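A short worksheet on the structure shown next.
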Amino acid sequence: ETVDELVQTARTAAAPGTTAALRERLARTYGDDWTRVSARIAADAAMAEPLSSTCEVTVAEVLHAIEEEAATTLTDVLLRRTGAGSTGHPGAVAVQATVDVIAPRLGWDGARLARERAALDRVYPLPR
């Protein structure tokens, strides 16, 4: 199946809680695994929530990154696994939403969280 065929399949699929545009983006980002991400959304509508009003990456994608793709750092989740930060800083709200999802699941304490934020700031510091 070509990428175009995969995207067309995703756009026309019945996947509760998703839109054709979201399914297309998931297919382009995750390939055949788009169905695994959309299954999270079908099971829990809150998984479709974007990280912020300016970052369309969903909570389901963040969970997929840590649970299925073995992401263990904030930078890995935002830059490589979801692409939330691939075109620039995803914004403070999206970063905090990501932290809220992954920190408790990965058992991060305050020191680890500070290291994760510092690593992200080294990639692209927020304008002050």
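The values are calculated or read from the model by the stated rules, or taken from the named source; none is laboratory data. Computed from a predicted model, the values in this text were never measured in an experiment. Cβ placement follows ideal geometry from the backbone for every residue including glycine, while neighbour counts extend to all protein chains displayed. What goes into the accessible areas is simple: the full protein's heavy atoms, side chains included, and nothing from ligands, DNA or RNA. Shrake-Rupley method; radii C 1.70, N 1.55, O 1.52, S 1.80 Å.
Tabulated values for the structure
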| item | result |
| --- | --- |
| Residue under evaluation residue 39, criteria (1) of a type outside the set (Lys, Arg); (2) touching a helix residue (DSSP H, G or I) at 6+ places or on another chain (Cβ under 6 Å); (3) at pLDDT 95 or above, criterion not met | (2) |
| Residue in region 68-78 that is touching a Leu at 6+ places or on another chain (Cβ under 6 Å) and open to solvent by less than 10 Å² (accessible area, probe 1.4 Å) present | yes |
| Residue list for region 1-15, filter: outside any helix (DSSP H, G or I) and either hydroxyl-bearing (Ser, Thr, Tyr) or surrounded by fewer than 13 Cβ atoms within 10 Å (Cβ to Cβ) (or both) | 1, 2, 14 |
| Residue 61 open to solvent by 30 Å² or more (accessible area, probe 1.4 Å), at pLDDT 95 or above and of a type in the set (Asp, Glu) | no |
| Residue check, residue 106 in contact (Cβ under 8 Å) with a residue 40 or more places away in the chain, in contact with a strand residue (DSSP E or B) (Cβ under 8 Å, 6 or more places away or on another chain) and either acidic (Asp, Glu) or more than 18 Å from residue 124 (Cα to Cα) (or both) | no |
| Of the criteria (1) surrounded by 16 or more Cβ atoms within 10 Å (Cβ to Cβ); (2) under 18 Å from residue 23 (Cβ atoms); (3) aliphatic (A, V, I, L, M), which one residue 43 fails | (1) |
| Criterion: under 15 Å from residue 56 (Cβ atoms) and part of a helix (DSSP H, G or I) - qualifying residue of 97, 118, 111, 103 | 97 |
| Flag for residue 80 being assigned to a helix (DSSP H, G or I), under 13 Å from the mean Cα position of the chain (by Cα) and modelled with pLDDT under 95 | yes |
| Residue that is in a loop (DSSP other than H, G, I, E, B), among the polar types (S, T, N, Q) and open to solvent by 50 Å² or more (accessible area, probe 1.4 Å), where the choices are 29, 35, 18, 87 | 87 |
| Selection status of residue 40, more than 20 Å from residue 97 (Cα to Cα) and of a type in the set (D, E, K, R) | no |
